[in-house]
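Here's the structure, in structure tokens; my notes come after.
The values are calculated or read from the model by the stated rules, or taken from the named source; none is laboratory data. A quick note: this is a predicted structure, and the numbers were derived from the prediction, not measured. Don't worry about glycine lacking a Cβ; one is built from the backbone with ideal geometry, like all the others, and counts go over all protein chains shown.
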Amino acid sequence: METNNPWKTLKKTQVYDNPWITLTHEDVLIPNGNPGIYGKVHFKNIAVGIIPIDEEDNTWLVGQYRYTIDEYSWEIPEGGALIPQDPLEAAQKELSEEVGLGAHQWELIAKLHNSNSVTDETAYIYVARDLYPLEGKLDETEIIERKKIPIQTAINMALNGEITDSMSIVALLKYHILEQEKRK
């Protein structure tokens, strides 16, 4: 299996830039040596997602209208932080802001790349336990609904298509698998 980069970048042109992303058009030689093009979205943030779990196996989902897909979306609490902020610090901040909770126990359960054919975004997924209340303050761009539900209900929502956000699906299904492994 080839692990070295078979692509050759000939020219990069910045097409767009804002505080969160940079879009480049790249002229390349594709792996077979022929000329090609690539569009790349560079994220200036890391992404974080949190599954908060209380002592009764409940979790919290947040619902919000997502402009990019023109749909309402139920998700685990998620957000981002400018690189090089520590992912755990970013996750703690998001849990406080979106759900009004803090946690004494944090476990990183996944690192993933969202849509890695067009973007370099990296996401970190945490499970937060031993929860305590905090006064959270939402981001100015957010109008969210919070929903406390049994974790199994959230997992079922991911399985039956009620949750379509990729980070949430990965997080909930990985959590489910890890918990099943612990019970064996």
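Does ALA158 fit the bill of being part of a helix (DSSP H, G or I), closer than 28 Å to ILE21 by Cβ and assigned by TED's automatic domain parsing to the domain that holds GLY63?
Against the criterion (part of a helix (DSSP H, G or I), closer than 28 Å to ILE21 by Cβ and assigned by TED's automatic domain parsing to the domain that holds GLY63), ALA158 qualifies.
Could you check LEU138 against (1) aliphatic (A, V, I, L, M); (2) surrounded by fewer than 15 Cβ atoms within 10 Å (Cβ to Cβ); (3) within 13 Å of the chain's Cα centre (by Cα) and say which number it fails?
Every listed condition holds for LEU138 apart from (3).
I'm trying to understand the selection: among the residues of the range 32-55, which are within 14 Å of the chain's Cα centre (by Cα) and polar (S, T, N, Q)?
ASN45, the sole residue that qualifies.
For residues in the range 159-169 being touching a helix residue (DSSP H, G or I) at 6+ places or on another chain (Cβ under 9 Å) and farther than 15 Å from GLY63 by Cβ, which is surrounded by the most Cβ atoms within 10 Å (Cβ to Cβ)?
ILE169
If you check LEU29, LEU61, LEU82, which single one turns out to be over 15 Å from the mean Cα position of the chain (by Cα) and either more than 30 Å from THR141 (Cα to Cα) or of a type in the set (A, V, I, L, M) (or both)?
None of the others qualify; the one that does is LEU29.
Quick one: how many residues across the range 1-42 are assigned to a strand (DSSP E or B) and either out of contact with any strand residue (DSSP E or B) (no Cβ under 7 Å at 6 or more places or on another chain) or among the basic types (Lys, Arg) (or both)?
Qualifying residue count, the range 1-42: 5.
Residues of the range 23-68 being among the β-branched types (Val, Ile, Thr) and either in contact (Cβ under 8 Å) with a residue 60 or more places away in the chain or crowded, with 16+ Cβ neighbours inside 10 Å (or both), which ones?
THR24, VAL28, VAL41, ILE46, VAL48, ILE50, ILE51, ILE53, THR59, VAL62
Of the residues that make up the range 106-113, is at least one modelled with pLDDT under 95 and not hydroxyl-bearing (Ser, Thr, Tyr)?
no
Could you list, in sequence order, all residues of the range 148-158 that are surrounded by fewer than 14 Cβ atoms within 10 Å (Cβ to Cβ) and under 26 Å from TYR67 (Cβ atoms)?
If the condition is that a residue be surrounded by fewer than 14 Cβ atoms within 10 Å (Cβ to Cβ) and under 26 Å from TYR67 (Cβ atoms), then LYS148 is the only one that fits.
A quick yes/no check of all residues on (1) more than 18 Å from the chain's Cα centre (by Cα); (2) of a type in the set (A, V, I, L, M, F, W, C):
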residue: LYS147; (1), (2): yes, no
residue: ALA158; (1), (2): no, yes
residue: THR164; (1), (2): no, no
residue: TYR175; (1), (2): no, no
residue: LYS184; (1), (2): yes, no
